[in-house]
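See structure below.
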Ligand SMILES: *Cc1c(COP(=O)(O)O)cnc(C)c1O
């Protein structure tokens, strides 16, 4: 035994609090607006959708929020997660950089998403809610919530985008195994679904339609609430357990803070989870840490979008949120990283990007799969297509460090494994993946349709 590879923590070292970045932000996030009146919305408007404790967390500016004992207990089913030193990848890249990755793919559903699903199921159960509805596209979020609902004795009703329901039967079966009901969307069960089916009986569905169905079902029943797996402040909050563990693990490895932390970016939850606890050191102590969010070049809201109020869904039903967005009508190319095909970004990460606290990079799909295969061949783990964006950015950093002759410390989030995504790897091996050239005129066209409120230049 020469080099230490895995840095682990005991269950007793699971953090006791989540970290709330809102307490340290140079500019606090702007409030969500009522889409009708365009006035800031109060908690009462959200009460039919979420339990009160989650609504409180959504607007809290308390720096540390205690993790309930039963949530920490459920976290021990797979946490703490290991931090790996990527010795083999470093050798393969011949870089002087020291590369670390936090592996979230060892959770029961295979990604970071149970970190918030468990917390959300707990608060719903605590308030006496009996059923949670949600939507899922590729199935990562639906599986995480199905698992979490089972842990807290809740019913779970998942509206799964029709085309994914047909193409990803194993994700559906995972949800069924954990006791969830999975309904292909659009469905006959809701007004929203029936309306779509009347016009297009063969509709492949969309995340926007599935959201409408899940929300309609939650609002219609007193004992039912709705749940989201990304974007919202409370979801990002719950994920901060990742970065807090990583800080302890780097200390154990004898490292100072990393030069750069990197994570893939869909709505912002796994990026926030890893990066926010490091930003606490940056914002409160002036630590020099770069935080890089990695988005697909085909869905570049952070690098080519606008900072503006926009809807969270494609249909325009949700409150208006302040975000970097490509416009809620933007339809990204059908890349394999389904979890990153979202038009907008969460309010907290958007404001931090606006203020220059974090950075963003857009990476082409081809580069991400090259990186994923390099990683799998060196380190063994096969990353999810989403996670490959973080791997690719880490490899870019490692190559830069080599050119500069610097032993910089690089940390990235390996947010999920790719065991259900091997068809995507097949396409890559078959040479079917193309570079996506997203023209400025496509972006301009989607943005031109936006008639939502602008954000004053001063913010
Ligand atoms: C859902 C998902 C993402 C994207 O969502 P974020 O909220 O940005 O983290 C990324 N990777 C995996 C594996 C996912 O399941």
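The values are calculated or read from the model by the stated rules, or taken from the named source; none is laboratory data. These figures come from a predicted structure and were not determined experimentally. Cβ coordinates were reconstructed from backbone atoms using ideal geometry, including for glycine residues, and neighbour counts include every protein chain displayed.
Worth pointing out:
- Test result for residue 66, in contact (Cβ under 8 Å) with a residue 12 or more places away in the chain and in contact with a strand residue (DSSP E or B) (Cβ under 6 Å, 6 or more places away or on another chain): yes
- For residue 287, the conditions (1) touching a helix residue (DSSP H, G or I) at 6+ places or on another chain (Cβ under 9 Å); (2) within 13 Å of the ligand (Cβ to nearest atom) are fulfilled apart from (2).
- Look at the range 406-419: where a residue is closer than 18 Å to residue 292 by Cβ and a partner is more than 16 Å from the ligand (Cβ to nearest atom) and assigned to a loop (DSSP other than H, G, I, E, B), sitting 6+ places away or on another chain with Cβ atoms under 6 Å, you get 408/97; 408/259; 409/255; 409/258; 409/259; 410/97; 411/258.
- Identity of the residue in the range 107-144, without any contact (Cβ under 8 Å) to a residue 40 or more places away in the chain and either closer than 18 Å to residue 385 by Cα or assigned to a loop (DSSP other than H, G, I, E, B) (or both), that ends up farthest from the ligand (Cβ to nearest atom): 108
- Answer from 393, 446 - the residue that is part of a helix (DSSP H, G or I) and at pLDDT below 95: 446
- Unique match (being touching a residue at least 60 places away in the same chain (Cβ under 8 Å), within 23 Å of residue 28 (Cα to Cα), over 11 Å from the mean Cα position of the chain (by Cα) and assigned to a helix (DSSP H, G or I)) among 244, 249: 244
- Within the range 314-342, being at pLDDT below 95 and within 15 Å of the ligand (Cβ to nearest atom) holds for 332, 335, 336, 337, 338, 339, 340, 341, 342.
- Within the span defined as the range 343-356, every residue fails to be within 23 Å of residue 95 (Cα to Cα), surrounded by 23 or more Cβ atoms within 10 Å (Cβ to Cβ), within 12 Å of the ligand (Cβ to nearest atom) and in contact (Cβ under 8 Å) with a residue 12 or more places away in the chain.
- Unique match (being part of a loop (DSSP other than H, G, I, E, B), within 16 Å of the ligand (Cβ to nearest atom) and crowded, with 19+ Cβ neighbours inside 10 Å) among 294, 299: 299
- For the condition free of Cβ contacts under 8 Å to residues at least 40 places away in the same chain, surrounded by fewer than 16 Cβ atoms within 10 Å (Cβ to Cβ), on the phi < 0 side of the Ramachandran plot and more than 22 Å from the chain's Cα centre (by Cα), residue 48 does not qualify.
- Screening residue 441 with (1) away from the ligand (no atom under 16 Å from the Cβ); (2) closer than 22 Å to residue 340 by Cβ; (3) not in a loop (DSSP other than H, G, I, E, B) gives one miss only, at (2).
The rows are residues; the columns are (1) surrounded by fewer than 24 Cβ atoms within 10 Å (Cβ to Cβ); (2) closer than 25 Å to residue 59 by Cα.
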{"site": "306", "(1), (2)": "yes, yes"}
{"site": "310", "(1), (2)": "no, yes"}
{"site": "316", "(1), (2)": "yes, yes"}
{"site": "329", "(1), (2)": "yes, no"}
{"site": "332", "(1), (2)": "yes, no"}
{"site": "337", "(1), (2)": "no, no"}
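- Residues located in the range 377-416, provided they are surrounded by fewer than 17 Cβ atoms within 10 Å (Cβ to Cβ) and in contact with a strand residue (DSSP E or B) (Cβ under 7 Å, 6 or more places away or on another chain): 407
- Flag: residue 268 matches the condition of being on the phi > 0 side of the Ramachandran plot and either within 16 Å of the ligand (Cβ to nearest atom) or buried (at least 24 other Cβ atoms within 10 Å of the Cβ) (or both).
- Single match in 185, 206, 227 (criterion: at pLDDT below 95 and either more than 13 Å from the ligand (Cβ to nearest atom) or at positive phi (or both)): 206
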